[in-house]
Each structure stands twice: as C-alpha cells, then as structure tokens.
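The next block holds one structure in the form of structure tokens; read it before the comments.
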Amino acid sequence: MKGLDYLFHPRSIAIVGASADPAKRGHTYLAQLQGFGYPGGLYPVNPKGGTIMGMPVYPTLSDIPGDVDYVISVVPAEKLPPVIEECAQKGVKVLQLFTAHLGETGETEMEQRIVEQSRRAGIRLLGPNCMGIYSPQERVTFRFGWSGLSGPVSFISQSAGHTSEVVYQAQVRGLGFNKVVSYGNAADITESELLSYLAHDHQTGIIAAYIEGVKDPERFPTALREAAEHKPVIVIKVGRTPAGTRATRSHTASLSGSDSVIEAIIRQSGAIRVNTLEDLVDMLVAFNYLSPPTGRNIAAIGSGGGGSVLVCDEFEAQGLSVPPLPPKVESQLKVHLGDDWSLIKNPVDTSVVFPAGYEFSDLRLIFRYMANHPDYHMLIGDNGEWWLDTLDDLGRYKQLTDTYIQVMGESAKPGAVVVRHADCPEEWRWRASMEAMSRCAQARLPVFPTIRRAATALSRFASYHLDCFPTP
C-alpha cells in the first residue's frame, strides 16, 4: 500500500483520546465504527486504561499488539506533539486530526509545526478540524444512521456538516457512495491531492467536491483538469461574497481566492460548478442514473394544466426544448384515441386525459409513442401532489409511478421523475412520496423534488455531454 491508500483502506484504527463518556467524541468514534461493522483492528487509547464497550483500552499506541495504519486524534492541540512521536514509533501511516483550534482560530504557527513534525516522521495528516472518512465498502464511518449503501460517488469536503447533509440527501434518492472525506483545514492532505487520487481510483465513477479555499493553488488547476478528464466532477466553491470569504477563514482557515479566477479554472477544466448543496446532490443523481442524451428535446407528462405550463417554462428557460408533438405521433394518437386525440399535447396534461375517460394503459401508450420518436431526446414524468388528494388516491398515484418506470425502463433515452416532497402534516402523503422515490431509485430512475431542479440538472447534464465531452 502507498500514498493515500492507507487513508481509504485502513487495516487497523486507533482512537487516541478514547473515552467511556458517550457525550465525548472519543467514545462516539468507537461506537460508530463498532456499530458499522469495521472489520479491522479497533483500538481505544487512553492513559487511564480499562475497557470501553468491551474493548481493552491501551495506555499508549506502543502498547497495542500489532500494526496500526490509521490514528484518529481527539486530544487537545497542545498534546499533539507527543502523539505524533508515538505514531512515528508505531509506524502509523495516517493521522486524522479531529483536534481543532489550530489554523482556523489563528494558531497557524502551531499547525505548521505539527505538519512539519508529521512529515519528518513520514506520517500523512488529514485535517486538522475534520471528521475523517466514510467508506461503506471498508465499513468506516463518522456518523450514525447512514445507510451504508455503496456506489460510484466519491465526495471530498472541507465541511463536516455539509458532508453529512449531502450523504443524507443523496441516500434518500438511492445514491450510494464509495469514498467520502471530511478534510477540514487541509494542512497536509489537500483538495488537489485528493482530486488526483480519485481521478485514477477505479472504484470512483463520479467526483464531488465542497471547497472553501484552495490550499494548493499551484497544483489545483492541473489536479481538477486531471480529474475532469477521467470522470464527471461537480464542484461547489463557496466564499463567493465578502461575507462568505470572511466565514471561510474562521471555519477552516481558508483563503477563498478570487471567485472569477476559480470560476475560470473550473470552467476550463470541464468540471461543473454549482452553488448549493441541493444542486450538488441533483447533479450526482443525474450522473449516477442517466445515460448521455443525443439532444435537448423533452417529452413530458405534466401534472395538470399549470404543471404542464411550468414544465415548458422551466425547461426552456434552462436551454432545453419542449417541442410540439411530431406529425407521426399525432397520427398514432388518431388511430388509438379517435376524435379525442387533439386533447394530447406535449407536455401531456393528465388533468385532461383522465376526465376524458382514458385509463393508465392509454397514458402508457401515449408516453411510449413520444418516447419512441427520434425528435425527443429526454423524458420527464411529473408526479404532481394533486394526485394525493385523499387516501383513496394512493392506488392511482402508484399506477402513475409505474407508468413512468415502465415506459422509461423500455427506452434507451435518459428519463427522470419529479416527486414533490409532501410538505404537509399528513404522514400518509409523506410515505406515498417516499415510496415513489424509493421505487424510482430501485428502477434506476433519478428523482427530483421540483420541476425547476429537474430542469436545471438535466440542462447541465445535457451540456456536459453535448458541449464539453460529446460522444464521438
């Protein structure tokens, strides 16, 4: 093993500053790793000794019987020099510093001394001021409640809180992760080194990055371009405003740099820049589930008259097109629907279709005609909330979801479903929405909570494949 392999594939982990107090981080790390089923050696370290959760506590790292690859430090900053010395004697490869109150609070000289001491000892530092690694395949985590679902996405983030929020948002939509890194102040291991590593990591198919400040500005443009040449890279770079720049300095001791320069670097690399965590998750969902489109024309099933209008406005505002039905599709509808064929437009207004006496079998056939026509390149289905008026509507709501799953599953064209979050006090509405999202994810269909977010994500996704990296 070499380089950052020990960071992502630790064979053993020690927690220096382990505690029997459940309120302390030295206890939480142990509980999370044990509960997540980490299979390697797990060693609590505390001079007091004793046991924690049935595990023997070792007074020092040297007392541990066997090699230790990875150490998590939760001790105060002033106690780090002897910890690093012990790590050097034990042959530790990576030291993760949950330990904070260093560069982000102005203690830059102390932070630099710690980095230099670690480098002399051949130890790589993650952090300080970070939560560490989440790797479902390796059964490593720093949070309770994550699903453990593996997938192609790797995510690097300076913010631990945003790391957690992205993982939680994504897993609800069926998205799994491979490697997630909360890297904090980036005093040693920087965003650029992580990007270069992930660019060549065969387990990573999509890269996401939350960056407050570029710690390695000379290497960053090359590393980002290297990553984007190998796989999709989605970046959220904060500190776009004077207030945001001040906040990044106090959070992770980051200098955010000129936003226009960062924007140019991201654009020239071929990566995709987004400005919110929601947009970041939407793009990960799109790249995880969708095949590349061959054009920008949308065929849609709308949610009532207003929903259909909104589909047109939102998608065309994002540079996509919602063209009328082609003559061939109109001819097919005349044969199947008779005199009422003229009720059908693109988007299809379901508030017109069903009162006219049509059934879901008719809707499936209409959507299939549209999906099969070469003038349309992407498919959209809208599960409007008006379908959930009463409990009696649950069956029809499920049938609508089934219609999208069936037609989009038959088509080679990229398709997505809009499932609105049920912002209401009725639990049954929320459960219906969650079930629809889950069933779409199982069918490998991306779900977006609003028409606007679907339009934004699909527009960026189309531009990536049609403009930045077109298929030969």
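A few remarks follow.
- None of Leu363, Leu343, Leu400 is farther than 21 Å from Val447 by Cβ and of a type in the set (A, V, I, L, M, F, W, C) except Leu343.
- Each residue in the range 273-288 was checked for being assigned to a helix (DSSP H, G or I) and either buried (at least 21 other Cβ atoms within 10 Å of the Cβ) or touching a strand residue (DSSP E or B) at 6+ places or on another chain (Cβ under 8 Å) (or both), and 11 pass.
- Leu320 closer than 20 Å to Gly415 by Cα and outside the structural domain of Arg460 (by TED's automatic domain parsing): no
- Matching helices (runs of 4 or more DSSP H) fully within the range 74-188 where at least 2 residues are over 21 Å from the mean Cα position of the chain (by Cα): 80-90, 108-120
- Residues being under 20 Å from Ile133 (Cβ atoms), basic (Lys, Arg), surrounded by 14 or more Cβ atoms within 10 Å (Cβ to Cβ) and in contact (Cβ under 8 Å) with a residue 60 or more places away in the chain are represented in the range 24-42 by at least one member.
- For the range 301-342, residues that are closer than 14 Å to Tyr369 by Cβ, among the hydrophobic types (A, V, I, L, M, F, W, C) and surrounded by 15 or more Cβ atoms within 10 Å (Cβ to Cβ) total 6.
- Residues of the range 311-339 satisfying the condition of being among the aliphatic types (A, V, I, L, M), part of a helix (DSSP H, G or I) and touching a residue at least 60 places away in the same chain (Cβ under 8 Å): Val311, Ala317
- Filtering the range 417-442 to residues that are in contact with a Ser or Thr (Cβ under 9 Å, 6 or more places away or on another chain) and surrounded by 15 or more Cβ atoms within 10 Å (Cβ to Cβ) leaves Val417, Val418, Val419, Arg420, Ala422, Glu435, Ala436, Arg439, Cys440.
- Residue within the range 411-430 that is charged (D, E, K, R), outside the structural domain of Leu175 (by TED's automatic domain parsing), in a loop (DSSP other than H, G, I, E, B) and touching a residue at least 12 places away in the same chain (Cβ under 8 Å) present: yes
- Single match in Gly40, Gly106, Gly91, Gly66 (criterion: farther than 30 Å from Gly213 by Cα and at pLDDT below 95): Gly66
- For the range 402-416, filtering for residues that are among the hydrophobic types (A, V, I, L, M, F, W, C), surrounded by 19 or more Cβ atoms within 10 Å (Cβ to Cβ) and within 25 Å of the chain's Cα centre (by Cα) leaves 3.
- Across the range 120-170, the qualifying residues are those that are over 18 Å from Ala31 (Cβ atoms) and of a type in the set (Lys, Arg), and the one among them that is surrounded by the fewest Cβ atoms within 10 Å (Cβ to Cβ) is Arg120.
- Subset tally (residues that are closer than 19 Å to Gln34 by Cβ and either in a helix (DSSP H, G or I) or touching a residue at least 24 places away in the same chain (Cβ under 8 Å) (or both)) for the range 62-73: 8
- Identity of the residue in the range 250-272, surrounded by 18 or more Cβ atoms within 10 Å (Cβ to Cβ) and touching an Asp or Glu at 6+ places or on another chain (Cβ under 9 Å), that ends up modelled with the highest pLDDT: Ser269
- Matching entry among Val57, Val16 (being of a type outside the set (S, T, N, Q), in the same structural domain as Thr99 (by TED's automatic domain parsing), closer than 13 Å to Ser73 by Cβ and touching a Ser or Thr at 6+ places or on another chain (Cβ under 7 Å)): Val16
- Filter result for the condition that a residue is in contact with a Gly (Cβ under 8 Å, 6 or more places away or on another chain) and more than 17 Å from Ile189 (Cβ to Cβ), over Val83, Val75: Val75
- The lone exception for Ser342 - which of (1) assigned to a helix (DSSP H, G or I); (2) touching a helix residue (DSSP H, G or I) at 6+ places or on another chain (Cβ under 8 Å); (3) closer than 22 Å to Cys312 by Cα it fails: (2)
The values are calculated or read from the model by the stated rules, or taken from the named source; none is laboratory data. Treat the numbers as computed from the prediction; the structure is a model and nothing was measured. No Cβ is skipped: glycine too gets one built from the backbone with ideal geometry, and neighbour counts run over all protein chains shown.
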